[in-house]
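The structure under discussion appears below in the form of structure tokens.
The values are calculated or read from the model by the stated rules, or taken from the named source; none is laboratory data. Here the structure is a predicted model, which means the values were calculated and not measured. Neighbour counts are summed over all protein chains in view; Cβ atoms, including those assigned to glycine, are modelled from backbone coordinates with ideal geometry.
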């Protein structure tokens, strides 16, 4: 039982769980967040065609990372404990194992950089969510205080929520007027709907960011495990030769003592 527990690659298993959970959470929440954002912008403001690429990236990067995590977990199992001594015995096998470990480390570094970029990108909608949530809280509290629970539109004419105030420009004059694209919210009902959507979509982006962070931690664990396996494989041949030399020396000593015994 103890030997079986000693042969488990704990670092690789933990890393795989982190990557699997983080990848699934990021893909699901980001896809849904982008879908709801696209639907709301098309119905209220204007379409953002670039959101399609974000959806495609969310359903491509995660599966690729999970497949890599499965490969790294398999390598971790093969390069741990007694399994390593059975598989990586000859010079060519050891060289191949070290090359595989180095190659996997390079891939893990590259994928981790991609995920760092994803995490940084997801901070943009999260910061936007924090700002818009503050705007919704302050403005809606103000209009509710002066108008009770009715929030009639006649008391809302002074306030106009405009996307250009937050650096979002679409150049609507380049589109046909019949498309009826706009950048503003001028009624209390539309603003209330906007705040409701913000409260739903914003946390989805936050969960997607948390999933990306989980994946980054998992990849870092994999890199540490691969580095350790690379070092262990480096010294496997030396340890094997040392043990073989010790066994030969023991046998020679035994034979020498046997020959020195007197015969009758």
Quiz prompt | segment 123-132 - residue that is surrounded by 15 or more Cβ atoms within 10 Å (Cβ to Cβ) and more than 13 Å from residue 207 (Cα to Cα) and, of those, farthest from the chain's Cα centre (by Cα) | solution = 132
Self-check item: Given (1) under 18 Å from residue 202 (Cβ atoms); (2) over 15 Å from the mean Cα position of the chain (by Cα); (3) in contact (Cβ under 8 Å) with a residue 40 or more places away in the chain, number of the condition residue 12 does not satisfy
Solution: (1)
Practice problem: Residues being in contact with a helix residue (DSSP H, G or I) (Cβ under 6 Å, 6 or more places away or on another chain) and either under 13 Å from residue 59 (Cβ atoms) or surrounded by 21 or more Cβ atoms within 10 Å (Cβ to Cβ) (or both): count how many of those fall in segment 33-44. | Solution: 2
Practice problem: Return a yes/no flag: does segment 161-181 have any residue that is farther than 26 Å from residue 123 by Cα, touching a helix residue (DSSP H, G or I) at 6+ places or on another chain (Cβ under 7 Å) and either at pLDDT below 80 or surrounded by 14 or more Cβ atoms within 10 Å (Cβ to Cβ) (or both). | Solution: yes
